[in-house]
Amino acid sequence: MEIPPGPLPAGQGRSALIDEVVRVLRVVPSDAAVVLACSGGPDSTALAHLCAEARPDLALHLVHVRHGLRDDAADLEVVTTHARWLDLPLVVSDVEVEPDGRGLEAAARDARYAALRDAARTCGATTILVGHTADDQAETVLLRLARGTGIDGLSAMEQVRDDLIRPLLRLRRADVHRFVDLEGLPVAQDPTNHDPQVRRAIVRHELLPVLARVAPDPVGSLARLADLARADAAALDAAASGTLAEVVRVGPVRAIADRRLDRLGEGLGASALARRVVRQVLAEFGSEPPDAATVSRVLALPDGSAASLPGPVEVTSAGGWRAFAPRRLPRSDATEVGPAGRTTWSPAGLDIERIGPDSSAGEGPRLLQTALPLPGVWAPPPADRHRVVQPPGARPEWLVLALPADVGVLILRHRAPGDRIRTAGGTRNLQDVLVDAGVPRAVREIWPVVAGSDDRVVWSPGYAADDEVLRAGRLTPVTQLRVVASSPAVGHLDVVD
């Protein structure tokens, strides 16, 4: 049955609290090891006792994190008492909080979750339980509103996300504290909860009481807003998924055609979709979620320009592509292309496959051939487009190359300054060929070149081939080169049809 948005009404008793914890913890397998964050405060104390009663099969491990920001000896004593009463193992983790530009609260939170995950690994647990309530959810929404958040920020905390579960998130703080009082459970009090210099304390003791004068249940309204915003954000994710599927991934580089972003700008809500696509592409680099100003900067980036973003990520706009790449791109030593089989080119996460007369055609849609089907001459089998990697600006017919017998030793290497290639229209600078094709700068830096033993460029896969080799290979092909995705372990490659 679908759970309606928002928290449970205020005034829930003991049995209702246990029922809610049972419902939430259904996602946890029987007899699983679970880490439970316990500060000694009333919320985490209630969580420990409710979980122990609701799921006695779980192997609960209490984890108490000491931040070293105040004297918390009393907190540890309380937690130790509960661990003894519940007959649960207790892990005490001391962490160092190093404030950064986001402030002490954020730094302490990051240190706390890192310690909890370390404890989970030690205990063999894949689930971490934390004691946030509906009131915490409402406070989070207000804090994010104050800094001008978007719909993802309004979504605030999820009850179940990855390894984190918040069994009390739909329960009111007053109901949870009443449970603690009626059970006669000792608790510790964190003085920062009443510190007028702490932002969350200001929201809790000043802002929410004022809102209660405007609406009778601000906690319920704000927590419901978070649930509704999360549903809307999921709908936007689904709407943007078609565009995200068209992001071309070459090694660590992500590129999306400007025409796709422009197409998003034509319809209702399109700006929201374009922004979501940019946010999700940036998220692949593991950086903090970008703010609205950063996303706007990426979307408004003029053609032919670049911008450095937090992460560190660099974005370029040129040749009809918006490309995202780490500022430090991978490099590789030159390597000889083998007479058969695959030669790996790790910077772009691909292989150069060399096939001969004994190779099979395989299955799937085919690429055009570069060899002529002459009588009595071996013709390379059609290349499977589902296996061939196509970078931004590449032409499918240039992703395979038939080679004559006298091609000699071939070397796989990075593009070098001064590289030139003989084309049907004359010898050209290879960089000019790639720029004219609209290849993003980051892709140019990691895309391979196949050169002869004399260092002459034979092939720039997808973009150009030496005209003499091309013509000889079409007449009397002996082997064929193809650019294919590396082994299945390379999961970040997308093949473009």
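The values are calculated or read from the model by the stated rules, or taken from the named source; none is laboratory data. Given the structure is predicted, the values throughout are model-derived calculations rather than measurements. When we count neighbours, we look across all protein chains shown, and the Cβ atoms used for this are built from the backbone with ideal geometry, even at glycine.
Against the condition closer than 29 Å to Arg178 by Cβ and β-branched (Val, Ile, Thr), how does Val97 come out, does it pass? First the steps, then the outcome.
Values: closer than 29 Å to Arg178 by Cβ: no; β-branched (Val, Ile, Thr): yes.
Considered against the rule, which asks whether it is closer than 29 Å to Arg178 by Cβ and β-branched (Val, Ile, Thr), Val97 comes out as no.
In the set Leu116, Leu182, Leu169, Leu142, which member is touching a Leu at 6+ places or on another chain (Cβ under 8 Å) and either in a helix (DSSP H, G or I) or surrounded by 15 or more Cβ atoms within 10 Å (Cβ to Cβ) (or both)? Please lay out each step first, then the result.
Numbers: Leu116 fails: touching a Leu at 6+ places or on another chain (Cβ under 8 Å); Leu182 fails: touching a Leu at 6+ places or on another chain (Cβ under 8 Å); Leu169 fails: touching a Leu at 6+ places or on another chain (Cβ under 8 Å).
The conditions single out Leu142.
Residue-wise test of (1) closer than 24 Å to Leu222 by Cβ; (2) within 31 Å of the chain's Cα centre (by Cα).
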position	(1), (2)
Ala16	yes, no
Ala32	no, yes
Ala37	yes, yes
Gly41	yes, no
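Pairs under 7 Å by beta carbon, first residue within 22 Å of Asp152 (Cβ to Cβ) in segment 208-236, partner β-branched (Val, Ile, Thr), six or more apart or different chains?
Leu222/Val141; Leu225/Val141; Ala226/Val141; Ala229/Ile151; Asp232/Ile151; Ala233/Ile151
When Ala120 is evaluated against the numbered criteria (1) over 26 Å from Glu183 (Cβ atoms); (2) of a type outside the set (D, E, K, R); (3) in contact with a helix residue (DSSP H, G or I) (Cβ under 7 Å, 6 or more places away or on another chain); (4) modelled with pLDDT of 95 or more, which criterion, by number, is the only one it fails?
(3) is the only condition that Ala120 fails.
Tell me whether segment 279-288 contains one or more residues that are farther than 26 Å from Leu434 by Cα, out of contact with any Gly (no Cβ under 7 Å at 6 or more places or on another chain), exposed (fewer than 13 other Cβ atoms within 10 Å of the Cβ) and in the same structural domain as Glu445 (by TED's automatic domain parsing).
no
Name the residues in segment 89-113 that are buried (at least 16 other Cβ atoms within 10 Å of the Cβ) and part of a strand (DSSP E or B), would you?
Leu90, Val91, Ser93
Residue-wise test of (1) at pLDDT below 90; (2) hydroxyl-bearing (Ser, Thr, Tyr).
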site	(1), (2)
Gly286	yes, no
Ser305	no, yes
Glu314	no, no
Gly320	no, no
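Let me confirm something: among Ala146, Ala134, which residue is in the same structural domain as Asp19 (by TED's automatic domain parsing), closer than 20 Å to Thr294 by Cα and small (Gly, Ala, Ser)? Before the answer, list the steps.
Working: Ala134 fails: closer than 20 Å to Thr294 by Cα.
The conditions single out Ala146.
In this structure, is Thr243 within 30 Å of Glu2 (Cα to Cα) and not in a loop (DSSP other than H, G, I, E, B)? Can you show your working first?
Numbers: within 30 Å of Glu2 (Cα to Cα): yes; not in a loop (DSSP other than H, G, I, E, B): yes.
When the stated conditions are applied, Thr243 passes them.
Being touching a helix residue (DSSP H, G or I) at 6+ places or on another chain (Cβ under 9 Å), farther than 30 Å from Val313 by Cα, surrounded by 17 or more Cβ atoms within 10 Å (Cβ to Cβ) and among the hydrophobic types (A, V, I, L, M, F, W, C) narrows it down to one residue among Val377, Val407, Val388, Val400; which is it? Even if it seems obvious, please write down each step before you answer.
Values: Val377 fails: surrounded by 17 or more Cβ atoms within 10 Å (Cβ to Cβ); Val388 fails: farther than 30 Å from Val313 by Cα; Val400 fails: touching a helix residue (DSSP H, G or I) at 6+ places or on another chain (Cβ under 9 Å).
The match here is Val407.
Return the residues of segment 6-18 that are more than 24 Å from Arg230 (Cβ to Cβ) and either touching a Lys or Arg at 6+ places or on another chain (Cβ under 7 Å) or surrounded by 20 or more Cβ atoms within 10 Å (Cβ to Cβ) (or both); say none if nothing qualifies. Even if it seems obvious, please write down each step before you answer.
First, pick out the residues of segment 6-18 that are more than 24 Å from Arg230 (Cβ to Cβ): 11, 13-15, 18.
Residues satisfying the conditions do not exist here.
Residue under question is Ser296, and the condition is that it be assigned by TED's automatic domain parsing to the domain that holds Ala255, at pLDDT 90 or above and among the polar types (S, T, N, Q); does it hold?
On the way: assigned by TED's automatic domain parsing to the domain that holds Ala255: yes; at pLDDT 90 or above: no; among the polar types (S, T, N, Q): yes.
Spelling it out, it is not the case that Ser296 is assigned by TED's automatic domain parsing to the domain that holds Ala255, at pLDDT 90 or above and among the polar types (S, T, N, Q).
In segment 294-317, how many residues are exposed (fewer than 13 other Cβ atoms within 10 Å of the Cβ) and over 20 Å from the mean Cα position of the chain (by Cα)?
5
To keep it simple, each residue is scored yes or no on (1) touching a Phe, Trp or Tyr at 6+ places or on another chain (Cβ under 9 Å); (2) crowded, with 23+ Cβ neighbours inside 10 Å; (3) in a helix (DSSP H, G or I).
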site	(1), (2), (3)
Glu20	no, no, yes
Asp31	no, no, no
Ser39	no, yes, no
Ala46	yes, yes, yes
Glu53	no, no, yes
Leu60	no, yes, no
Thr80	no, no, yes
Ala83	no, no, yes
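Do you know which residues across segment 227-243 are over 13 Å from Ala272 (Cβ atoms) and buried (at least 16 other Cβ atoms within 10 Å of the Cβ)?
Across segment 227-243, the qualifying residues are Asp227, Arg230.
Give me the residue from segment 133-178 that is touching a Pro at 6+ places or on another chain (Cβ under 8 Å) and of a type in the set (Gly, Ala, Ser) and, out of that set, farthest from Pro4 (Cα to Cα).
Ranking the candidates gives Ala138 first.
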